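We did not get these values from a lab; they are worked out from the coordinates using the rules stated. Keep in mind it's a predicted model, so treat the numbers as computed, not measured. FYI the Cβ positions are ideal-geometry reconstructions off the backbone, even for glycines, and counts take in every protein chain you see.
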Amino acid sequence: MLSWANQFNISCFLDNHQYNIAPHTYECLLAVGAKHQLQSKAGNAFQQLVQFCNIHQDWIFGHFGYDLKNEIEDLSSENVDGIGFPDLFFFVPEIIIRLEKNTVSISGAIDEAKSVMMMIERTKAMTATRVADQGFRIKERFGRKEYMDVISSLQHHIHRGDCYEINFCQEFYAEDVVIDPLAVYDQLVRRSPNPFSCYYRLADRFLLCASPERYLKKTGTKLLSQPIKGTLKRTGNEGADETNRAELFRNLKERTENVMIVDLVRNDLSKVCRQGSVSVSELFGIYTFPQVYQMISSITGEIDEQWHWVDAVRKTFPMGSMTGAPKKKVMELIETHERTRRGIFSGAVGYVNPQMDFDFNVVIRSIMYNKEDNYLSYQAGSGITSFSVPEVEYEECLLKVEAIKKVLTRSAVGQHF
């Protein structure tokens, strides 16, 4: 199915990999082609999206880029951006394929759906063949010493009361790279299948995403956010892993970091939810992923009927797990100390259905690729608090991109169908 979809210049494939992290409405969603589309820069992008949705009361797919912060607050983005996704892009697809537990649904008339199904069945699936290393060099925006110096500087801001938690990210990148994005995505999710994965293509820009994190979901009047704060590596040894799982749950630094973001999300949701409806349904949940354990909390609320669904995003974006608190101040510090514009990274990709229910992920654990300029990028960050040890934070970033690095050292070149 995904191999067939790769012929389209615009496509969005969302896959939960059968994780039991409720609630998931679909096992997979695939949207290809664009009957209508909206591309916008930060400025009045959210209002344009409201108008677009009011005109096209249909399925829409797309993304919110991190730099929409410049529309929400009086901020700017001056750092380099080698990928070039627009700040906001949404489209009404020509074809939608929905995979649920026992059914496959294809949009359109019956004859059209049958034709699509036949074409998919005739398309050769990608093989799982391991491809030799292309030999490109992955560079870092920060050396270890530079990174730790920045962490110390950020902790100085924390100690003097400017902020109390900040998500600081660094970029790893490669230039003059030619890859097959679909083959790399296939290898990435085989190695690291995660519940909010996506393969997202806008012409020559690609997002290969193995995210474990939900940003925001709307079902009827209910909003759900599930921020991740807290990471610990799995060893593959059952006894050691069980010890690590318990250690993560008890870790004071991770719990402090997590509850700070929970409070921030509660505050954000209260801007659009009925008074008294915001609550924490799960605090410090420990979830198992292929390489790591993650600490996840769940916050819910009932959206007030005066608000459009777009307002729920505008009032809560960027997500607290990727900024810190207080939000505006830490976003200023992020712009000052990071060396790369985040773009689609730490933004959100997802869908909205005709009933205006939606589900969006957090774009992390992702490879971004600009095929036009042959530029490849991935970023990683961690939450910095007064408890942080700079060396440990640096190692956490490396842990988070371990699966990506392993995939890229055996990167897919050319076509493999």
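For the reader, a short list of remarks on this structure follows.
- Pairs exceeding 20 Å between alpha-carbon atoms, taken from Lys222/Lys315; Lys229/Lys400; Lys145/Lys233; Lys233/Lys405; Lys35/Lys217; Lys69/Lys329: Lys145/Lys233; Lys35/Lys217.
- When only alpha carbons are used to place a centre, the range 8-74 and the range 251-322 end up 20 Å from one another.
- Ranked Arg266, Arg214, criterion: other C-beta atoms within 10 Å, fewest first: Arg266, Arg214
- Residues Gln51 and Glu242, FRET efficiency given R0 of 45 Å [Cβ-Cβ distance, rounded to 0.05]: 0.30
- Only Cα pairs under 8 Å and 6+ residues apart enter the sum, and on that basis the relative contact order of the chain stands at 26 percent.
- Net length gained if the chain between Glu100 and Asn267 were fully extended (0.36 nm per residue, minus Cα distance): 56.7 nm
- Across Val407, Val280, Val92, mean-square fluctuation computed from a Gaussian network of the chain (C-alpha pairs under 10 Å connected) peaks at Val280.
- Pairs of alpha carbons in the range 43-158 whose separation is greater than 22 Å (percent): 67 percent
- For Lys124, a cut-off of 20 angstrom between C-alpha atoms picks up these lysines, skipping any fewer than 8 places away in its own chain: Lys114.
- Separation between Cα centres of the range 169-187 and the range 204-242, rounded to whole Å: 21 Å
- Histogram of C-alpha separations across the chain, 10 Å bin width, %: 4, 22, 34, 27, 10, 1, 0
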